[in-house]
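In what follows, a structure is listed as structure tokens, so that the remarks can point back to it.
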């Protein structure tokens, strides 16, 4: 697996690695049980910007023993841009759905 830093993504909050068509996003706040804060939300939003067309799978996990202690994944886009919440699933998956 090759580690590739996404532009403007803080590696101390989110580790981004790519393994061929698989993009791994690892929440990197193990001391806080990967609890979501504004910085992590922004890092995730930036990581989803400009994902190469070759990526076919995104795996989101957490460093340490916990995935995420707080906040709902479905609400992440809502805090940054309310209009994103209703469109996020379609926007993220539409290139994948069109490739089949």
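The values are calculated or read from the model by the stated rules, or taken from the named source; none is laboratory data. Just so we're clear, the structure is a prediction, and the values are computed from it rather than from any experiment. Cβ: placed from backbone, ideal geometry, glycine included. Neighbour counts: every protein chain shown.
One residue is enough: does segment 37-44 have a residue meeting the conditions assigned to a loop (DSSP other than H, G, I, E, B), modelled with pLDDT of 55 or more and within 19 Å of residue 18 (Cα to Cα)?
Quick first cut of segment 37-44, residues assigned to a loop (DSSP other than H, G, I, E, B) only: 37.
Narrowing further to those that are modelled with pLDDT of 55 or more: 37.
The next check asks that each one be within 19 Å of residue 18 (Cα to Cα); those that pass are none.
No, that holds for no residue.
Here's the yes/no breakdown for (1) in a loop (DSSP other than H, G, I, E, B); (2) touching a helix residue (DSSP H, G or I) at 6+ places or on another chain (Cβ under 7 Å); (3) at pLDDT below 90:
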residue: 9; (1), (2), (3): yes, yes, yes
residue: 17; (1), (2), (3): no, no, no
residue: 59; (1), (2), (3): no, no, no
residue: 70; (1), (2), (3): yes, no, yes
Which residue pairs have Cβ atoms under 7 Å apart, sit 6 or more places apart or on different chains, and have a first residue in segment 25-38 that is touching a residue at least 40 places away in the same chain (Cβ under 8 Å) and a second that is assigned to a strand (DSSP E or B)? 27/14; 27/62
